């Protein structure tokens, strides 16, 4: 089955980015979220980001206008009834994702594909909670989706070749590069990235360096475009903690133990940019370290 219409469940940072690139690639999109305000915020973000691409000469004004016109919205799961591919892009919490799958499976067409944008959770385990594990696949987009070129494609044990070929074709049409990852905790990118971020937080926790010193060291000493603590704030400290917990639980190795300081920040609700405070305070004109 050729994918023509895509449903995106979750209108947050990842969901609006996925809707953006799908619409720009010519797919009809249904953006679903239970909150109307989140959907409207997502549409505003997509509009802003498309016009940034126009201003940079990456996209024509006509293409941006057509992309916006391809995105429909729905606060009810019934709006996903005729999609060919449904992509879950909710928070990195297994219970939330499973709840979504159980609610949407009865609504989807019998031959519709189902995908998760999970950045760490077992695709095999998520697929087993659905009525179509053979048509279930992991599509892990990188953040921010419109800018990042990579998509990790992860097959579960039950994923059939047809679903895998669909994913290959779909991602290629988005203009993204595919890397195939086996279904192990955190896959490839976060298996490498998150322990580095966690170690940077330990470095701060142990007083080896300040927030600014750690970020400066990695930006100028390792040529990273963004220091690990800035990156953690951008990703969301709750997401970083969730992924570290998946690694720690799934691989049972003490090197993946989440730093207590990361846990403390999440408990405080200081989750990074999305809450205006994390390792930096973003409430003023210039970000200021919080520690």
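Since every read-out is calculated from the coordinates, none of them should be taken as a lab result. None of the values given here were measured: they were computed from a predicted structure. Positions of Cβ are backbone-derived with ideal geometry, glycine not excepted, and every protein chain shown enters the neighbour counts.
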Exercise. Failed condition for residue 291, given (1) in contact (Cβ under 8 Å) with a residue 12 or more places away in the chain; (2) farther than 16 Å from residue 92 by Cβ; (3) within 22 Å of the chain's Cα centre (by Cα); (4) part of a loop (DSSP other than H, G, I, E, B), with all others met?
Worked result: (3)
Problem set entry | Total residues in region 85-131, condition surrounded by 18 or more Cβ atoms within 10 Å (Cβ to Cβ) and out of contact with any helix residue (DSSP H, G or I) (no Cβ under 9 Å at 6 or more places or on another chain) | 1
